[in-house]
1. Can you pull the percent of the stretch 116-223's accessible area that's carbon plus sulfur, 1.4 Å probe, other chains left in place?
2. The stretch 62-125: Rg/Rh from Cα coordinates, Kirkwood Rh?
3. So how much slack lies between Gln92 and Tyr352, counting 0.36 nm per residue of separation and subtracting their Cα-Cα distance, in nm?
4. Just read off the accessible area of His450 with the full protein assembly in place, 1.4 Å probe, to the nearest 10 Å².
5. On a 1.4 Å probe surface of the protein chains, which of Trp406, Trp276, Trp95 comes out largest in accessible area, and what is the full order?
6. Treat each spin label as a single point 7 Å out from the Cα along the C-beta direction, and report the Leu329 to Phe202 distance in nm.
7. Put Thr63, Thr154, Thr258 in order of accessible area, largest first, 1.4 Å probe: what do you get?
8. Run the simple label-point estimate for Ala458 and Leu102 please: 7 Å along Cα→C-beta, distance reported in nm.
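The values are calculated or read from the model by the stated rules, or taken from the named source; none is laboratory data. All of these numbers come straight from a predicted model, not from anything done at the bench. Using ideal geometry, Cβ is built from the backbone for each residue, glycine included, and neighbour counts are taken over all protein chains shown. Ligands, DNA and RNA are excluded from the accessible area calculation, which covers all protein heavy atoms including side chains. Shrake-Rupley method; radii C 1.70, N 1.55, O 1.52, S 1.80 Å.
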Amino acid sequence: MEMKQAVSGGDLQDVGEKPPPGPEVHPLIENLADVPTTEFKRPEFSPLLRQVLAAAGPMAAITSSGMTTGFSAVLLPQLERPDSIVKITLEQASWIASMAALPMALGCALGGWMMERFGRRTTHQLVCVPYVLGWVLLSLARNLVMLYVGRFLTGLCLGLIGPLSPVYIAEISGPAYRGALLATVSLAVSMGILAANLLGTFLSWQLTAAICAVFPLICYVGIFWVPESPAWLAARGRSSEAEEAFHWFRGYSTEAETELRELLRKHETGRPQQTWVELWQEIRKSSFLRPFLVMNGFFLVMQFSGVNAVAFYTVSILKDVGQGLDEYLATNIIGVVRVVMSLVACVLTRRYDRRPLAVVSCLGTAASLVGLGAFLLSGPSAGWVPLLFFVAYICSVSVGLVPLPWVMVGEVFPAAARGFGSGASSCFCFLVFFAVVKTGPALIAGAGPHGAFFTYGAVAIVGAVVLYLFLPETRNRTLQDIEEGYSRTRTKVNALI
């Protein structure tokens with residue numbers, strides 16, 4: 001059969017047969033040259049482009065997640081107008097806004113189970129069906145029940161996508177570009193928030209919801225044409241399919257072949273379906289518990305640094321200090337800054353290690369929060385000053401605290417428990433998110449806005465120290481290398497950290 005092999009520059013070249021394996025090829029793959037290609041033919045473009053195209057589908061779903069977050073800012077002001085077809089009270093408005101947040105943690109836990117049970121690719125398609133349905137219900141809503149159900153479904157799917165897409169992207173991408181591809185998760189969320197705000201500025205909430213429904217549909221169609229995760233296939237003992245999918249994503253370079261041999265060797269005893277007993281044995285290992293504690297600590301620092309609480313009160317604070325900006329204009333300014341800095345984060349995660357970025361982000365976040373608190377404590381003066389502090393805050397959190405946890409949640413967990421670990425950590429993130437937003441008004445009322453920002457800034461300072469000491473370095477490491485690093489003795493783990 002027609003095969004291709006890597007030549008200089010990473011291009012593929014037609015040859016008569018697959019190049020013979022080296023002397024250290026594992027028995028599981030030494031005879032795979034005779035296995036016929038079944039579903040996915042190797043295309044005529046580079047492995048990097050294949051990885052980007054494969055990530056495009058999940059990115060569309062994550063963009064829809066950002067739209068879910070930003071949609072209430074579009075929906076509620078229009079529902080409060082006298083000519084609204086759905087009349088709401090203040091209490092009902094709060095339920096509409098919070099209805100999407102209620103199922104997010106449940107969605108994360110369920111998403112972790114689904115990706116292990118059905119596979120990463122299939123789970124994306126399963127999630128996209130209720131996601132489209134939720135947006136369609138919102139666009140057609142003529143009463144509160146339809147609004148509640150639509151918001152609940154979109155919030156549930158946001159939680160389902162949370163751990164799913166980073167894991168799939170991490171498992172299909174090479175070490176050199178994995179960080180940059182995973183950083184696009186934060187970029188997609190930012191673009192979704194901005195898109196929802198811009199659409200709501202000029203269009204009705206019904207038409208905005210209808211446009212939002214297109215993005216999970218794009219994911220459903222886009223991911224249909226790409227293979228399943230090689231790591232998931234190998235863990236299920238489907239070694240020939242794993243080898244075929246791996247070569248589709250990564251090509252035949254020396255580094256790729258070495259990583260493939262390690263992947264298949266690790267999962268040579270893989271079973272078609274993991275039992276609960278086997279999962280329990282995996283999560284009791286230090287290779288799971290250590291990254292689990294680190295990731296939960298990272299999410300804790302991210303949320304209690306005010307990532308969502310500060311964003312929630314941005315417009316009201318600017319209004320209180322006499323900024324005088326239009327509400328939609330202020331929101332869109334912050335949204336544009338968030339998108340630009342998310343693009344910058346994609347470049348930074350490609351060029352710099354995780355730990356320095358996290359520490360610098362924490363320190364910049366602390367400085368902007370403390371500066372904002374000091375300004376509010378001194379009383380109103382120049383109206384543009386708080387906007388500058390908010391922009392500095394968005395810039396700081398966007399280069400580390402926001403993208404890095406979602407980058408690393410798809411990297412640090414062992415393959416046998418990656419779905420459960422990423423789902424459980426994402427679930428914890430959304431629980432802390434709810435706690436921070438819920439306690440935000442009480443903190444502001446009790447300590448004043450300046451006291452709240454001082455508190456969030458203090459958490460960011462403590463986070464800088466903790467992350468410097470315990471955050472592992474994963475840039476340019478294979479997933480197998482990261483997993484093995486956590487499985488070694490404590491002395492060797494310290495070398496990884």
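1. Values: 2660 of 3340 Å².
Accessible surface attributable to carbon and sulfur in the stretch 116-223 totals 80 percent.
2. On the way: Rg = 16.0 Å, Rh = 14.0 Å.
That ratio is 1.15, to two decimals.
3. Details: separation 260, 0.36 × 260 = 93.60 nm, distance 4.62 nm.
Extra length available between Gln92 and Tyr352 comes to 89.0 nm.
4. Accessible area of His450: about 50 Å².
5. Trp276, Trp95, Trp406
6. According to this spin-label approximation, the distance is 1.8 nm.
7. Numbers: Thr63 20, Thr154 0, Thr258 55 Å².
The ordering from most to least exposed comes out as Thr258, Thr63, Thr154.
8. With each label point 7 Å from Cα toward Cβ, the separation is 3.5 nm.
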